[in-house]
Amino acid sequence: EGRRARRPDKDAATGLVYRKTLLQQLEKDIADGHAVGGLVFLELENLGLLRERIGLTALEILLGDVARLLTQTLVDQPATRFGDGSFLVLDRQRDEPALEALAIQLRQLLMENAFQALGHPLRLRLSAGVAAFRHGFGQPDAMINAVEKVARDARLHERGVQRYEPPRAVEALKEATLLGLVRDAIANDTLS
């Protein structure tokens with residue numbers, strides 16, 4: 001317990017902050033009503049195929065290399081590994097267009113770098129999502145879910161980067177109306 005209390009908030013080998021630390025920082029920023037900054041979510045594509053091709057051990061070494069390059073580039077922004085092949089970056093300084101520019105820069109850097117796997121050069125394919133604090137997320141989970149979803153949606157676009165946009169009022173009204181009609185039909189046993 002004493003060692004755990006004294007350990008730094010970063011992994012010495014990769015420079016990544018621990019997930020719990022980043023989530024606590026995110027929760028505090030949301031509670032404080034931070035208006036500038038947000039999250040960048042980077043996700044390696046085709047991770048399952050990559051795992052099959054190079055194996056789990058080589059994949060973990062590769063992900064460590066990705067983490068080191070990411071943290072060397074970011075310097076002041078905390079980043080953490082957030083899943084098997086995804087990374088979450090917390091930024092408190094950039095506005096939304098600058099966050100998107102950061103996501104583009106990080107994606108290009110990681111895709112252009114020739115990583116080594118089993119003694120051979122390997123290029124990665126990534127998608128990135130951006131979610132800004134200005135959209136007023138009430139909880140860290142909601143913000144993380146939003147940024148992860150737009151990163152997955154970014155796979156369908158050539159740019160590979162997508163920004164979170166809140167649902168438009170007209171679309172939300174249409175959806176609410178349709179939902180009301182479906183609920184009425186179910187309640188009145190008239191759904192066909």
Quiz item: Ordered by packing density, taken as the mean number of other Cβ atoms within 10 Å over each peptide's residues, highest first, how do 183-192, 125-134, 142-151 rank?
Solution: 125-134, 142-151, 183-192
Quiz prompt | GNM result for the chain, Cα springs below 10 Å: residue of Val161, Val182, Val40 fluctuating most strongly | solution = Val182
Quiz item: Under 18 Å Cα-Cα from Lys20, which lysines qualify once same-chain neighbours fewer than 8 residues away are excluded?
Solution: Lys10, Lys28
Quiz item: Rounded to the nearest 5, what % of the DSSP beta bridges within the chain are antiparallel ones?
Solution: 85 percent
Quiz item: How long are the three semi-axes of the equivalent ellipsoid for the chain, computed from the Cα gyration tensor as the root of 5 times each eigenvalue, in whole Å, largest first?
Solution: 34, 22, 17
Quiz prompt | P(r) histogram, all alpha-carbon pairs of region 1-106 included - 5 Å bins from 0, percent | solution = 2, 11, 20, 21, 19, 13, 8, 4, 1
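Laboratory data are not the source of any read-out in this text; all were calculated from the coordinates shown. Fair warning: this is a prediction, and the values are worked out from it, not measured in the lab. Note that we place each Cβ from the backbone using ideal geometry, even for glycine, and neighbour counts take in every protein chain shown.
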